[in-house]
Amino acid sequence: AVLVESLLVFSVVLSVHAVVWDRFSWCAVAVAVQAFYVQFKWDRLLRLGGAVFQFRGAANSGVLPASMVMPLLGVVMKERCRAAGIVYFERFGVVVASTGMLLALFLSVLAVGITKPVPTNTCILTGVAGSVVIYTMKHSLTVSEVIEVLEVLLIFVYLSMILLYLLPRCFTPGEALLVLGGVSFVLNQLIKRSLNVVEGRGDPIDFFLLVAVVGVILLGLFFTVLFLFMDSGTWISSMFFHMMTAVLGLGVIMPWLYRLIQRNPLFWLLQFLFQTQTRLYLLVYWTFLAASACGVVFYQNAKRSSESKKHQASTITRKYFHFIVVATYVPGLIYDRQLLYVAAVLCLAVFIFLEYVRYFRIKPFGQTLRHLLSLFLDERDSGPLILTHIYLLLGMSLPVWLFPRSCAPKGTLPGAGALVPYSGVLAVGVGDTIASVFGSTMGEIKWPGTKKTFEGTMTAIFAQIIAVALILIFDSSVNLNSSYAWILASVSLVSLLEAYTTQIDNLLLPLYLQIMLMA
C-alpha cells in the first residue's frame with residue numbers, strides 16, 4: 001500500500017514536472033526521491049517507538065505525500081502567475097516552493113539523525129537533494145526571500161517542539177509537516193505584512209484569514225500553558241477562560257486587524273456580510289444548513305441507547321456532514337466566492353474555539369460537547385483533540401483560500417484551472433463521500449493491501465465526472481477549453497490516492513487535486 005501511494009505521488013510530481021520543466025520542478029523531483037527513502041526510515045522509527053514524539057498510530061509516516069504538497073503548490077502558482085504577468089505573486093510562488101522543500105529536507109535530516117545505525121544511502125540521497133535545493137535557492141532567491149524562508153523554518157522548528165509535545169498522537173510526521181508548516185508560513189506572512197503596512201495595498205479578506213488563524217492558535221497556546229498550572233474544569237477557570245478570550249480578542253486580535261485593514265474590523269465585517277441581497281440569502285441558507293448539521297448530531301445521540309454507550313456512528317452517518325458541506329460550498333462558489341472565503345474563516349475560528357471548550361472542559365458546554373462528539377470519533381482521532389471535522393472544513397476551504405485571485409483577472413483561471421476552487425467539493429465532498437458509501441455498502445473487490453474497494457473508487461471517479469458536468473452547466477464562469485483528458489487523469493489519480501493513503505484524506509486529497517488542476 002505504501003509503495004502504491006508513493007507511485008501515485010510520483011505520478012503527480014512527474015506530471016507537474018512535465019508541464020513546468022524548470023529548475024524548481026527538477027528540485028521537486030529530487031526532494032520526492034529522497035522523501036521516498038526517508039519515509040521508510042520514519043516508518044521504522046514509528047514501529048520501534050524510536051521517534052522523538054508520540055505520533056498517531058494505525059498509519060504510516062506519510063512523509064512523501066506531505067513533503068510534496070507545498071513545493072508543488074508553489075511551483076504551479078509560480079507558473080500561473082508568470083503566465084499572467086504578475087511578478088509579485090510569481091516571486092511569492094517561488095518562496096512557497098523553496099519553503100516547502102526546506103521543511104521537507106529538515107524532516108528528512110531529523111529522521112536520518114535519530115535512526116541507528118546511520119542509513120548511509122539515505123544520508124547521501126538527502127545530501128544530494130539538499131545540495132540541489134540550496135544551489136537553486138542561491139541562484140533564484142533574493143536575500144530578503146532567503147531570510148523569509150529561514151524565518152518560516154525557525155518558526156516551524158519551535159512550533160513543532162511545542163505542539164507535538166503538548167498534543168501526542170494527534171498527527172503523523174507527514175500531517176505534522178503539512179499542518180504546522182502551513183501555520184508557520186501563515187504566522188510569518190502575518191508578521192511580515194504587519195511590519196510593512198501600506199494603506200490601500202492588500203485585500204482585507206486575506207488579512208482577515210491571517211489574523212484569524214494566528215489568533216486562534218495563539219489563544220490555544222496561551223490556555224494550554226495556563227491550564228498546566230490550574231484545573232480547567234472549575235467554574236472559576238471557565239470564567240477566566242471566557243474573560244481572557246474577550247480580552248485577547250478585543251485587546252490584541254482586533255487592533256492587529258485594524259492596523260492591517262485601516263478600518264474598524266467589526267464594522268467592516270458587518271458591512272461585508274450584508275453588502276448585497278444575494279449575501280443575505282446565502283447567510284440565511286447557510287444558517288439553515290448549520291442548524292440541520294446540529295440536528296443530525298442531536299438525533300444520532302438521542303438514538304444511542306444507555307445499553308450501548310460504546311456505539312459509534314457508522315461511516316454513512318458521518319458522510320451526512322459531507323453532503324451538508326457540499327450543499328454549503330457549491331452555492332457560495334457559484335454566487336459569491338468572497339463571502340464563502342470569509343464565512344469559511346469564521347467557521348474555522350468557531351470550530352477551533354469549540355474544540356478548546358471541549359478539550360479543556362470549559363463550563364457550561366465543555367462536558368456536553370465531549371459527550372455529543374464522542375459518537376463520531378474514528379481511528380484517526382486517537383489523540384486528545386478531535387480534528388476530523390476541522391480537517392473537513394480545511395479540505396473544502398483551502399482551494400478557495402489558496403486560489404491565486406490576483407493571477408486570474410477575470411476571476412477564473414483558463415482550462416482545468418477554472419475548477420481549482422471546486423477541488424475540495426470534488427475530492428472530498430463528492431469523491432471521498434461516494435467512495436465510502438458505495439464501498440462500504442456494495443464493495444466486494446478490495447484493492448491489494450487496503451480496506452478500500454475497487455467499486456468505491458470507480459463510482460467516486462464517475463461521480464466526480466458527473467459533478468464536473470453539473471458545474472459546467474450551473475457556473476457560467478467555468479470554461480474548460482477541451483482539457484477533459486487532464487481533468488479525468490487528475491480525478492483518477494486523486495481517487496486512487498484516496499484508496500491507498502492512510503493520512504487524513506480530507507486534508508490531502510483537495511490539495512493534490514488543486515495542484516493537478518492548476519498545473
### Message
I need every pair where a residue in region 479-490 that is more than 9 Å from ALA416 (Cβ to Cβ) and part of a loop (DSSP other than H, G, I, E, B) has its Cβ under 9 Å from the Cβ of a residue that is open to solvent by less than 80 Å² (accessible area, probe 1.4 Å) and hydroxyl-bearing (Ser, Thr, Tyr), sequence separation at least 6 or different chains.
### Response
ASN479/THR412
#### Entry: LEU226 being under 25 Å from the mean Cα position of the chain (by Cα), without any contact (Cβ under 8 Å) to a residue 60 or more places away in the chain and surrounded by 14 or more Cβ atoms within 10 Å (Cβ to Cβ)
no
### region 259-286, subset open to solvent by 60 Å² or more (accessible area, probe 1.4 Å) and among the aromatic types (Phe, Trp, Tyr), residue farthest from ASP203 (Cα to Cα)
TYR285
### Residue in region 241-258 that is open to solvent by 80 Å² or more (accessible area, probe 1.4 Å), part of a helix (DSSP H, G or I) and hydroxyl-bearing (Ser, Thr, Tyr) present
yes
#### Entry: Residue ranges of helices (runs of 4 or more DSSP H) in region 335-406 with at least 3 members farther than 27 Å from LEU426 by Cβ, modelled with pLDDT under 90 and open to solvent by 20 Å² or more (accessible area, probe 1.4 Å)
366-374
### Message
Of the conditions (1) within 22 Å of CYS407 (Cα to Cα); (2) open to solvent by 10 Å² or more (accessible area, probe 1.4 Å), LEU480 satisfies every one except a single condition; which number is it?
### Response
(2)
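Having 2 or more residues that are open to solvent by less than 10 Å² (accessible area, probe 1.4 Å) and farther than 17 Å from SER140 by Cα is the bar; report the helices (runs of 4 or more DSSP H) wholly within region 1-89 that clear it.
Working: elements: 2-20, 23-48, 63-67, 69-84.
Result: 2-20, 23-48, 63-67.
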#### Entry: Test: residue in region 7-19 that is under 21 Å from the mean Cα position of the chain (by Cα) and free of Cβ contacts under 8 Å to residues at least 40 places away in the same chain
yes
### Task
For GLU444, state whether it is under 21 Å from TYR500 (Cβ atoms), free of Cβ contacts under 8 Å to residues at least 40 places away in the same chain and either open to solvent by less than 70 Å² (accessible area, probe 1.4 Å) or of a type in the set (Val, Ile, Thr) (or both).
no
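Here are some residues: ALA435, ALA416, ALA467. Which one is touching a Gly at 6+ places or on another chain (Cβ under 8 Å) and in contact (Cβ under 8 Å) with a residue 24 or more places away in the chain? Before you say what the answer is, go through the steps one by one.
Numbers: ALA416 fails: touching a Gly at 6+ places or on another chain (Cβ under 8 Å); ALA467 fails: touching a Gly at 6+ places or on another chain (Cβ under 8 Å).
Sole residue among the options that is touching a Gly at 6+ places or on another chain (Cβ under 8 Å) and in contact (Cβ under 8 Å) with a residue 24 or more places away in the chain: ALA435.
Do we find a residue being under 20 Å from the mean Cα position of the chain (by Cα) and of a type outside the set (Asp, Glu) anywhere in region 361-374?
So in region 361-374, the residues under 20 Å from the mean Cα position of the chain (by Cα) come out as none.
For region 361-374, residues under 20 Å from the mean Cα position of the chain (by Cα) and of a type outside the set (Asp, Glu): absent.
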### Query
Inside region 90-105, can you point out the residues that are open to solvent by 10 Å² or more (accessible area, probe 1.4 Å) and over 27 Å from THR388 (Cα atoms)?
GLU90, ARG91, PHE92, LEU102, LEU105
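The values are calculated or read from the model by the stated rules, or taken from the named source; none is laboratory data. These numbers come from a predicted model, not from an experiment. In this analysis, Cβ positions are derived from the backbone assuming ideal geometry, glycine residues included, and neighbour counts consider all displayed protein chains. Keep in mind that these areas ignore ligands, DNA and RNA; they rest on the heavy atoms of the full protein, side chains included. Shrake-Rupley method; radii C 1.70, N 1.55, O 1.52, S 1.80 Å.
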